[in-house]
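Encoded as structure tokens, the structure appears first; notes follow it.
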Amino acid sequence: MKTDRIFGCVSALLGLLFVFLAVPSITGDWQQGEQARYFTVGPRLFPYISGVLVTVFAVLIALKPDGMNSIAAFLQPGAAKRALFAIVLAFVYVALLEPLGFIIASVLVLFAFFIGFGERRWKLIVPIAVIVPIAVSAMFSGFFKVQLPPGLFAISF
Amino acid sequence: MKRLSIAAILTLAVAVLFAAPASAWEPTKPIKIYVGFSPGGGTDIVARTLVAASQEFFPVPLVVVNKPGAGGTIAADFVSKQEGDGYSLLVAGGSESTSVPNHREVSYSLDNFRGVLRNIRARIILVSKAGSDIKTIDDLVKKAKAESGKLAYASSGAGTLYHSTMLLFTKAAGIDMKHVPYKGGSPAMAALLGGHVDITLAAPEEAQAQVEAGQVNLLGLTSTERTDLFPDVPTLKELGYDVYLENQKGIVGPASMPDDVYQYLHDKFKMGMDTKVWQKMAGKLKLETSYLNGPDFKDAMGTMSKTIGDAVKGL
Amino acid sequence: MDLFISAASEVFAPANLLILLASTVIGIVIGAIPGLTVTMAVALAVPLTIWMETTPAMLMLLGLYGSGIYGGSISACLLNAPGTPASAATALDGYELGKQGKALKALKVALWASVYGGLFSIVLLVLIAPQLAQVALKFGPAEITCLLIFALTVVSVLSGDSIMKGLFAAALGMLLATIGADPMLMIPRFTFGVDELFDGLAYIPLLIGLFAIAEMFAQSEQSFRFGATILSIKDGERDENRIYAEDVKKCAIPVIRSGFFGAFIGMLPGLGAAVASFVGYAETKRASKEPEKFGKGAIEGVAASESANNAVTGSAMIPMLALAIPGDPPTAILLSALMIQGVTVGPLIFANNPDVVYMIYVALFMALVATAGVAAMFMKPISHVLRVPKVFLYPIILSMCVAGSYAIRFNVFDVFVMLGAGVLGYVMRIFGVPVAPLLIAFILTRPFEESLRQALIRSEGSLMVFLEHPIALFFLILAVAAVAFTVWREHKTGHRIGEQG
């Protein structure tokens, strides 16, 4: 119940910020110009509507919490830490994608993933971390003609 | 910063590896041809046709890379910032080159490109629905003057070449029409056939099927001379409206592309255009093959861009 | 009839059958991998068809085209990672069934519903394509606007147990859809000067993030040890995965109804299979006597979604063939491919090239048969992917999702969008906010805004336009009725629960 209230309040606040700060930032000359009089509805209408709706429903969630959430699982010891690790690792992965290339970035991240989640069967994790990225890359470039970021492997061309 | 230094090392390594004597340039790795639109669009089809026809003359693979978004400007911006080493090319000549930069700010201009060659030109035809009382440009102008601001035209989107064409035409004819933007040429044609707008614009290959089935009237085309496909359709120029805009498709590269690279790419793609593959596909797809060399292609884009720029500024 | 027989006899040449089979397998694989799209596959295949005869060329392209959507349901049911947007609605119940050890059952039902949906749309294509095309043309901006208002009412049905959170999610989806240039004037909204945002958030990365990546983050909480799908092939489980007469009875009406919705939505331009499957799913839930079972492994939910999205494949061909106006990217490519074969599509194709038309009918049908055959054969082996420990499976899926999101536009930006959506989906899960309403509102908002504003340009701002057009009015009334029905039922079940408590 408390969780829902907090969630509702924070979301409502963000919704208000959106409506009063973000939407007015849309600028353009749709009120002027030859065609202006035909555009009775400008580009701000839908952002306004959606921002107001988000705020309204967030307030309603805060007022009438139903307590249906999975916060309990998230609050179990270590759960948040593990999820955060996965999230950070995923972002690191994508940040490395262009500088290192798909294959090297994938090998590193897969390996870190396995180690981080307590997998120590070296005979399994080393081959998987190496073979999977190469296989995915080969499938995309060979079969679907999609060249994934080559990164350091550009040197091989 | 890190990326930069890696790129620098790479360039150095490549330079050392392939330090060839200063003879004619030859590609040594796959050449990427960027297309600013999704697979299946008109630009994509031209790129794939050209690749299918020219591949046999290149020692390395030609790869079509679709980098769609923002009306083709993401790909144009990307290629304009690549090195002019001949490995990053762009299919240009349409809205992203001549029209969009006149309507909104983009981070490139035609000066950032060097033309390689033009492959096709695509006329732009004004069409109305069969059975409507608009059968000629004259009818259109008269009706638009009688019901000022009531007639509507569908374009393929705000800022596109079709939109610019109508801006030019309504200005030249001194008429006022509503602009209803659609997402691309097909929805615009559907809107016309459904009677939801009065006028739309179409490429010849789009118009052909509708004309054969008697669904549309062709009013006029925005070129300097008539097209063989529809010899009876007058040009707007003949009718006294100074509107000359065409869609074109050709290959460009970054402006820093040196002469030997230009010459190599130009010659090979030109050979591709002379093959049977190109002729068969272009013929079937009703594409009007129209070769221009690099500098002329760039001039042609520059002229159209300026025409549109003047018209937009005048609003 | 002669034309049918001659078309069929050409298709049954061994070389042609082989082409069909190969392209079907590739189509299913592409459909199953998040990020790889049928459009991409068909575009790659077109240059190969230049020197082919019409028959093998059509078999190849339609084999890819017809099988991709079913492929999407495989990863949706097994991994909660819908391979195509069209199978997002399938994942809602398909993955729940998978968690209960009934993955195979979900896949079987998905397959038979797909076959029905595809078949139904082919029948429509064969019998009344020109008439339907004329109906499709009647849908101008006003009509589309009202149809989309009706479609938006499915949000309330998709909300699950917590209607407020569902509506909140939908509002959020709408908000996310306003990012990017406005559809009329191309004025940038919330793009912060980033060109990649000009067209808005790309929706396949968004989908992959909300489903597959969010699932991965959620599973990482417990080091991928719990909540995972277990599939054993012990006898008891095998019985669980059979389809019984009772299941057929439960699914028959939803499948038929969804086929109808799918075919209808498919022939209108710009809506597509994802909208069809959500509408089919939601209407089935709305009509069901046990709506509370949806989202918890209702077999008819899977059936409804798959019947609807496959019905789109045949009906999307209707405007392409009968009007030369392709409604979506893959049919646009098919149109070019037909032109390369020297066939002019459009109203005259039925008179001038009946042989090609019949070839397309037969090829679409055979693609369906091949999909069914291939899928039935490989369903079991593929589902063994679930026996791979999750700690290995999810990172591998992550790397495929990264590659797939990148491949959409060759842009790393979209991969970040996917991760952002993954975090968003995960946070929503923690707070019990359903993601399906967000996704469908996101998909519907852009065409809704576009058609609403087109209609208002034409009417010069007058809202009367929506009441004056009969078709538009019809859908408005339908939307009001749908909302009224939902409210009435909420009220009733609310009472019932109240009485019990």
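The fraction of Cα-Cα pairs per 20 angstrom bin, counted from 0 for chain B, comes to 32, 53, 14, 1 percent, rounded to whole percents. Work from the charge dipole of chain C (Cβ charges, +1 for Lys and Arg, -1 for Asp and Glu, about the Cα centre) and give the residue of C:Ala370, C:Phe168, C:Val412 farthest towards its positive end. Value: C:Phe168.
Between A:Phe91 and C:Asp355, the FRET efficiency estimated from the beta carbon spacing at R0 = 51 angstrom works out to 0.40. Taking Cα centre as origin and charging only the Cβ of basic (Lys, Arg, +1) and acidic (Asp, Glu, -1) residues, the dipole magnitude of the range B:157-250 rounds to 360 debye. Between the amide H of B:Tyr34 and those of B:Val65, B:Leu89, B:Leu90, B:Val91, distances stay under 5 Å, these residues lying 5 or more places away or on another chain, with hydrogens modeled in the peptide plane.
The residues C:Ile128, C:Ile396, C:Ile33, when put in order of fewest to most other Cβ atoms within 10 Å, stand as C:Ile128, C:Ile396, C:Ile33.
The string of couplings for the range B:99-111 from the Karplus curve (6.51, -1.76, 1.60, θ = phi - 60°) is 9, 3, x, 7, 9, 8, 6, 10, 9, 8, 9, 4, 5 Hz, one whole number per residue in order, with x for Gly and Pro.
The relative contact order of chain A comes to 23 percent, based on Cα pairs under 8 Å that sit 6 or more residues apart. Rounded to the nearest 20, the size of the Cβ-charge dipole of chain C about its Cα centre is 1080 debye, with Lys and Arg at +1 and Asp and Glu at -1. Toward the positive end of the charge dipole of the protein assembly as shown, with +1 on the Cβ of Lys and Arg and -1 on the Cβ of Asp and Glu, the farthest Cα among B:Ala191, B:Gly294, C:Val433 is that of C:Val433. Computed from backbone phi, the HN-Hα couplings of the range A:87-97 come to 5, 4, 4, 4, 5, 4, 3, 5, 5, 7, 3 Hz, rounded to whole numbers (Karplus: 6.51 cos²θ - 1.76 cosθ + 1.60, θ = phi - 60°; Gly and Pro given as x).
Computed 3J(HN,Hα) for the range C:324-331, one whole-Hz value per residue from the Karplus formula 6.51 cos²θ - 1.76 cosθ + 1.60 where θ = phi - 60°, is 6, 10, x, x, 8, x, x, 6, glycine and proline marked x.
The simple Förster model, with R0 at 35 Å and r as the Cβ-Cβ distance, assigns B:Glu83 and A:Leu14 a FRET efficiency of 0.25. According to the calculation over all Cα-Cα pairs in chain A, the P(r) per 5 Å bin from zero is 1, 8, 10, 10, 9, 9, 9, 10, 14, 11, 6, 2, 1, 0, 0 %. Using a/c under 1.5 as the rounded threshold, could you call the range B:166-315 rounded, prolate or oblate? The axes a ≥ b ≥ c are square roots of the C-alpha gyration tensor eigenvalues, and prolate needs a/b larger than b/c, oblate otherwise. Note, shape of the range B:166-315 comes out oblate. Based on the alpha-carbon gyration tensor of the range C:2-500 and its eigenvalue square roots a ≥ b ≥ c, which shape applies: rounded if a/c is under 1.5, prolate if not and a/b is larger than b/c, or oblate? It comes out rounded by the Cα gyration axes. A cut-off of 5 Å between modelled amide H atoms, ignoring neighbours fewer than 5 places along the same chain, links B:Gly40 with B:Ile45. Extension gain, B:Thr136-B:Thr224: 0.36 nm per intervening residue step, less the Cα-Cα distance, totals 29.9 nm.
Annotation: the protein assembly as shown has a Kirkwood hydrodynamic radius of 29.1 angstrom, from the mean reciprocal C-alpha pair distance.
For chain B, the relative contact order is 27 percent, taking Cα pairs closer than 8 Å that sit 6 or more residues apart in sequence and dividing their mean separation by the residue count. Across chain C, the mean sequence separation of Cα contacts (distance under 8 Å, 6 or more residues apart), normalised by length, yields a relative contact order of 28 percent. Computed across the range B:130-251, the Kirkwood hydrodynamic radius from all distinct Cα-Cα pairs reaches 14.6 Å. Stretched out straight at 0.36 nm per residue, the stretch from C:Val487 to C:Ser9 would grow longer than its current Cα-Cα span by 166.6 nm.
Which percentage, to the nearest 5, of the DSSP beta bridges contained in the protein assembly as shown is antiparallel? Roughly 60 percent of the beta bridges in the protein assembly as shown run antiparallel, per DSSP. Between A:Met68 and B:Gln263, the modelled labels are 7.3 nm apart [label points 7 Å from Cα along Cα→Cβ].
Mind putting together the pair-distance distribution for the range B:171-225? All Cα pairs, 5 Å bins, whole percent per bin, short to long. Histogramming the range B:171-225 at 5 Å steps yields 4, 16, 26, 26, 17, 9, 1 percent.
What the Cβ-Cβ distance of B:Lys276 and C:Leu48 gives, at R0 = 22 Å and to the nearest 0.05, is a FRET efficiency of 0.85. Neighbour counts of C-beta atoms inside 10 Å place B:Glu96, C:Glu450 in the sequence C:Glu450, B:Glu96, starting with the fewest. The modelled label-to-label distance for the pair A:Ile6/C:Val480, using points 7 Å beyond Cα in the direction of Cβ, is 4.4 nm.
Summarising the amide proton neighbourhood of B:Lys135: residues at separation of 5 or more, or on other chains, whose placed amide H is nearer than 5 Å comprise B:Leu140. Computed over the alpha-carbon atoms, the range A:74-156 gives an Rg to Rh ratio of 1.05, Rh here being the Kirkwood radius from the mean inverse distance. Multiplying the residue separation of C:Ile471 and C:Val369 by 0.36 nm and removing their Cα-Cα distance gives an extension gain of 33.1 nm. Counting beta carbons within 10 Å around each of C:Met377, C:Met216, A:Met139, B:Met166 and listing the fewest first gives the order C:Met377, A:Met139, B:Met166, C:Met216. Placing +1 on each Lys and Arg Cβ and -1 on each Asp and Glu Cβ, with no other charges, gives the range B:158-315 a dipole about its Cα centre of roughly 380 debye. Once the convex hull of all Cα atoms in the range C:408-499 is built, its volume per residue stands at 163 Å³.
Any read-out appearing in this document is the output of simple, stated calculations on the displayed coordinates, not a laboratory observation. This is a predicted model, so every value here is computed, not measured. Quick reminder, even Gly has a Cβ in these numbers, built from the backbone with ideal geometry, and neighbours come from all protein chains shown.
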